[in-house]
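Structure record follows, encoded as structure tokens.
Every number here is computed from the coordinates shown, using simple stated rules; none is lab data. For clarity, every value in this text was computed on a predicted model and none was experimentally measured. Neighbour counts run over all protein chains shown; Cβ positions are idealised from the backbone, glycine included.
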Number of protein chains: 2
Amino acid sequence: MEVSRDQLLHNGYHCAVEATIDIIGGKWKSVILYHLMSGKKRFNELRKLIPGVTQRMLTLQLRELERDGIIHREIYKQVPPKVEYSLSDFGESIVPVIELMMKWGNEHLDDILSAREKAETEATETPQLRYTTK
Amino acid sequence: MEVSRDQLLHNGYHCAVEATIDIIGGKWKSVILYHLMSGKKRFNELRKLIPGVTQRMLTLQLRELERDGIIHREIYKQVPPKVEYSLSDFGESIVPVIELMMKWGNEHLDDILSAREKAETEATETPQLRYTTK
DNA sequence: CGGGATCCAAGAGGATACTG
DNA sequence: CAGTATCCTCTTGGATCCCG
């Protein structure tokens, strides 16, 4: 099923992958979705599962995922408060993408790191001759 | 094949999807890769294929993809210059991920847009009562 | 043609303090 | 517990001009 070019242009996307990366491309979104794949999680659970994320950032990314209809936010009116995040039905549809990303990451992490390491050493050795080389 | 937790921690990643999104998560990277899937492209070809990207941004994103070993940069020493970008063998391995993202985007673009539209109207109607609702 | 260099505006993101 | 609010910094990204 193809999406018409007009519709894509009208909404600012010129390519379908652009829309997808807009949904899951946030710095922490894919990781959040990964952890929600295994079931609903509370706010502080996610904080612990995602070292490095700040409270503010986690909140912001969760808000965007909620706005896009990917996750559901369940508030229990009690003291102390309890909020649970879970994938919506729509969010479940993106699970295969996350799973494939995880699979690729696991299989190629070493390649990524060695490529970066190599690039770093070359950068210090050879300052700038992007045009003159080769 | 699993990656050990120590290795992930050592390199700053706590989750395999984090590594993947680090590679393709740039604003234009997934779109660039999408266009390179169908064959090598020259710099200005990519510019035309990706409306909205600036020259500077295209250059920067291409550099990062090159650094990570995803794409190859072939320079033809001639006047005027000619540079062709293509997927490396490593880059080819990520094609299924891009394809799945495109598939998902095509199938769910409408859902995304309607969710955002809904969120926008609700935001103007109901200012802020995230805790008091429900 | 395919960039690099520079300047500047906007947004992402961190730290800290406070709250229902 | 699960945020919000504020301030401040650093990075992203656009515009423009120049170069091999």
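Ordered by the number of other Cβ atoms lying within 10 Å of each residue's own Cβ, fewest first, B:Lys48, B:Lys41, A:Lys82 fall into the sequence B:Lys48, A:Lys82, B:Lys41.
A Förster radius of 25 Å combined with the Cβ-Cβ distance from A:Phe90 to B:Lys27 puts the calculated FRET efficiency at roughly 0.60.
Here's the list of lysines a cross-link from B:Lys103 could span, going by alpha-carbon distance under 23 Å and ignoring same-chain residues fewer than 8 apart: A:Lys27, A:Lys29, A:Lys103, B:Lys27, B:Lys29, B:Lys40, B:Lys41, B:Lys48. Placing +1 on the Cβ of every Lys and Arg and -1 on the Cβ of every Asp and Glu, with nothing else charged, gives the stretch B:27-123 a dipole about its Cα centre of roughly 720 debye.
Distant-in-sequence amide contacts of B:Ile71, defined by a placed amide H-H separation under 5 Å and a gap of 5 or more residues or a different chain, comprise B:Glu66, B:Ser88.
Between B:Asp111 and A:Glu120, the C-beta separation translates, for a Förster distance of 45 Å, into a calculated FRET efficiency of about 0.60. Ranked by the mean number of other Cβ atoms within 10 Å per residue, highest first, peptides B:106-119, A:18-31 order as A:18-31, B:106-119. The alpha-carbon of A:Lys77 sits under 16 angstrom from the alpha-carbons of these lysines, leaving out residues fewer than 8 places away in its chain: B:Lys134. Across identical copies of the chain, A:Asp110 has label-point separations of 4.6 nm, listed in ascending order, with the point defined 7 angstrom from Cα along Cα→Cβ. Distance from the alpha carbon centroid of the stretch B:15-38 to that of the stretch A:22-69 works out to 19 angstrom. With only the Cα atoms considered, the stretch B:27-123 has a convex hull volume of 121 Å³ per residue.
Phi angles across the stretch A:22-29 convert, under the Karplus curve 6.51 cos²θ - 1.76 cosθ + 1.60 with θ = phi - 60°, into 3J(HN,Hα) values of 5, 7, 10, x, x, 3, 10, 4 Hz, Gly and Pro given as x. Applying the Karplus relation 6.51 cos²θ - 1.76 cosθ + 1.60 with θ = phi - 60° to the stretch A:92-100 yields 3J(HN,Hα) values of 4, 5, 9, 3, x, 5, 4, 4, 5 Hz, where x marks Gly and Pro.
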